[in-house]
There are 2 protein chains.
Amino acid sequence: MFLPKLFTDAALTLGTLPGIGPKAAERLVFYILDQPEEEVRKLAEVLVKAKDAIRFCRRCGNFAEADLCEVCQDTSRDAGTVCVVEEIRDLAAIEKTGAFHGLYHVLHGHIDPIGRIGPAELQLDHLVERMVQGNVREVIIATNPNFNGDITAMYLAKLLGTPGIRTTRIATGIPKGSDLEFADVFTLTQALEKRTDVSG
Amino acid sequence: MFLPKLFTDAALTLGTLPGIGPKAAERLVFYILDQPEEEVRKLAEVLVKAKDAIRFCRRCGNFAEADLCEVCQDTSRDAGTVCVVEEIRDLAAIEKTGAFHGLYHVLHGHIDPIGRIGPAELQLDHLVERMVQGNVREVIIATNPNFNGDITAMYLAKLLGTPGIRTTRIATGIPKGSDLEFADVFTLTQALEKRTDVSG
């Protein structure tokens, strides 16, 4: 090799990260070697520190530095509405809309009959406990609208169906701003089935 | 914010790397937090170690872990041919062809009249020294075929023009495998001017 072994090591390691191919990894190492030493040290430290200090929120399963996450700590949020998502990145996507002001519950997975992942592998005890404690008015199931997400949603609807507590699922349909002609058949079928009245 | 500050810190820092936008940075942090602690530590260490241990080859300016780089240490290479490049990534590109078996000299830059970068800012002393020592038969100037690279090449041709030493520049023309119709006018003009005889 014409480059030092440590160069190749660094490029190979960066190449294991998602979305970073061998060429991008090499370019990153070139860039990093061009940076002042303290910048590289800062980059390394911020990753280790994040990994060390970030854990799961005791209540909802979101990332947290403290016992409770930022969402659960926020007393201005509506504790009566709980949105159930598969992963924290789903929570992040919903938070970015700014349209939801309740709390969350992160399952950290989904039921997957083919991959043999059952309800026992999901973070469910805590969710049921929150329901039993009695201040939840509505559970919004926001699992992905795909095979595993649908099965998980069906299971949750049964598990959480309690008189007095509304159980809903987020709507599926044609994405806003997109063209009908490019929608796949499943989405379009769903959009037709779940049509809503608009007549004044 | 709905995510811990350390998460955002890590995403912002990764977002400063070339080719990594805010979305990709966030995805990387999600991935990193999902990895075992020792993997994250390994990633951080490999970067710091590379930055700490890699310096420039005393002779040619390539990256090196020792006093001399892997290329200069390789005694099977032809020390009589020296290829001059602007950056180490250019050296890497040439090495990948497997078509060059001589040694290199990395300028770590180019002359840039507009950006007021003159020959004094390039690593030239050592190149001249190598020429004077007398075992160089040919210098191949492989600066980029653009404005600054052309000026640098002209300067080098004058500086290094010594009787008995051949000075060449890598060919410009239509890239192999491409279509004439898509070549830009400058490339096509060059390709016409530098046409070569093919008649048997």
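Things to note:
- Loop-resident trypsin sites (Lys or Arg not before Pro) (DSSP state other than H, G, I, E or B) in segment B:136-190 with no more than 16 further Cβ atoms inside 10 Å of their Cβ: B:Arg137, B:Lys176.
- Taking 0.36 nm per residue of separation and subtracting the Cα-Cα distance, full extension of the segment from A:Arg116 to A:Arg77 would add 10.4 nm.
- Residues of segment B:137-155 falling in the label zone of B:Val185, defined by backbone nitrogen less than 19 Å from a point 7 Å along Cα to beta-carbon, are B:146-147.
- Most mobile listed residue (A:Ile114, A:Ile151, A:Ile141) in chain A, GNM with C-alpha springs under 10 Å: A:Ile114
- ³J(HN,Hα) computed for each position of segment A:140-153 - Karplus, 6.51 cos²θ - 1.76 cosθ + 1.60, integer Hz, glycine/proline x: 9, 8, 10, 6, 5, x, 10, 3, 5, x, 5, 4, 4, 5
- Sequence-separation-based contact order of chain A, relative, with Cα cut under 8 Å and 6+ spacing, percent: 13
- For segment A:123-200, convex hull of alpha carbons as volume per residue, Å³: 145
- The alpha carbons of the protein assembly as shown give a radius of gyration and a Dmax of 30.0, 97 Å, in that order.
- Separation of the B:Asp67 and B:Tyr31 label points, Cα + 7 Å toward Cβ, nm: 4.1
- Relative to the globular-protein estimate of 2.2 N^0.38 Å, the Cα radius of gyration of segment B:1-114 stands at 1.47.
- Near the amide H of B:Ile140, within less than 5 Å, lie the amide hydrogens of B:Val82, B:Cys83, B:Val84, B:Thr168, all on another chain or at least 5 residues away, with H placed in the peptide plane.
- Here the 3J(HN,Hα) profile of segment A:115-125, calculated from phi with Karplus coefficients 6.51, -1.76 and 1.60 at θ = phi - 60°, is x, 6, 10, x, x, 4, 7, 9, 7, 10, 3 Hz, Gly and Pro shown as x.
- Karplus-derived HN-Hα couplings along segment A:92-106 (A = 6.51, B = -1.76, C = 1.60, θ = phi - 60°), whole Hz, x at Gly and Pro: 4, 5, 5, 4, 5, 6, x, 9, 10, 10, x, 10, 10, 9, 9
- Antiparallel bridge percentage (DSSP; both residues within segment B:51-200; nearest 5): 20
- Across B:Ala153, B:Ala120, B:Ala64, mean-square fluctuation computed from a Gaussian network of chain B (C-alpha pairs under 10 Å connected) peaks at B:Ala120.
- Over segment A:5-53, the fraction of Cα-Cα pairs per 5 Å bin, rounded to whole percents and listed from the shortest bin up, is 5, 20, 24, 27, 19, 5, 0.
- Debye-sum result for chain B in log10 I(q)/I(0), which assumes one identical scatterer on each alpha carbon, at q = 0.11, 0.17 Å⁻¹: -0.73, -1.16
- Projected label points at B:Met1 and A:Gln133, each 7 Å from Cα along the beta carbon direction, are separated by 2.6 nanometres.
- Positive-pole candidate from B:Gly164, B:Ile174, B:Ile151, dipole of chain B, charges at beta carbon: B:Gly164
- Inter-part distance where segment B:120-149 and segment B:162-200 are each reduced to a Cα centre, Å: 21
Laboratory data are not the source of any read-out in this text; all were calculated from the coordinates shown. Model, not experiment: these values are computed from the prediction. Because the Cβ atoms are built from the backbone with ideal geometry, glycine has one as well, and the counts that use them run over all protein chains shown.
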